[in-house]
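Data block below; observations after.
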Amino acid sequence: MSDRTLAGLLGSLPDGVEALPEEHKQDLAEALREAHRRQAAALSRVGDEAMRHIPALLRPAVRKAMGL
């Protein structure tokens, strides 16, 4: 995410959000970035757990097929 502003994260902002003071928009942008980080970590963790259910000999092929 190169654009760290709220508009950079969401695109065009609704009027109500656009009317917020800049410091509140920055707080909201940081909350969204943190939520994205938590979501990415959770997805990674779940992916690793799911791979444990695949027989060890098949894991490399499954990882390759999934682009991991």
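Can you pull out the residues in the range 6-20 that are open to solvent by less than 70 Å² (accessible area, probe 1.4 Å) and not small (Gly, Ala, Ser)?
Within the range 6-20, LEU6, LEU9, LEU13, VAL17, LEU20 meet the criteria.
Confirm whether ARG4 is among the charged types (D, E, K, R) and in a loop (DSSP other than H, G, I, E, B).
Yes.
To keep it simple, each residue is scored yes or no on (1) of a type in the set (Asp, Glu); (2) modelled with pLDDT under 90.
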{"site": "LEU10", "(1), (2)": "no, yes"}
{"site": "HIS24", "(1), (2)": "no, no"}
{"site": "ASP27", "(1), (2)": "yes, no"}
{"site": "ALA35", "(1), (2)": "no, no"}
{"site": "ARG38", "(1), (2)": "no, no"}
{"site": "ALA42", "(1), (2)": "no, no"}
{"site": "ALA50", "(1), (2)": "no, no"}
{"site": "ALA61", "(1), (2)": "no, no"}
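Which pairs have Cβ atoms under 9 Å, sit 6 or more apart or on different chains, and link a residue in the range 32-50 that is in a helix (DSSP H, G or I) to one that is open to solvent by 50 Å² or more (accessible area, probe 1.4 Å)?
Qualifying pairs under 9 Å: LEU32/LEU10; ARG33/MET1; ARG33/ARG4; HIS36/MET1; GLY47/MET66; GLY47/LEU68.
The values are calculated or read from the model by the stated rules, or taken from the named source; none is laboratory data. Computed from a prediction, not measured in an experiment: that's the story for all the values here. Methodologically, a virtual Cβ is constructed for each residue, glycine included, from the backbone with ideal geometry; neighbour enumeration extends over all protein chains shown. For the accessible areas, the whole protein counts, side chains as well, though only heavy atoms, and no ligand, DNA or RNA atoms are used. Shrake-Rupley method; radii C 1.70, N 1.55, O 1.52, S 1.80 Å.
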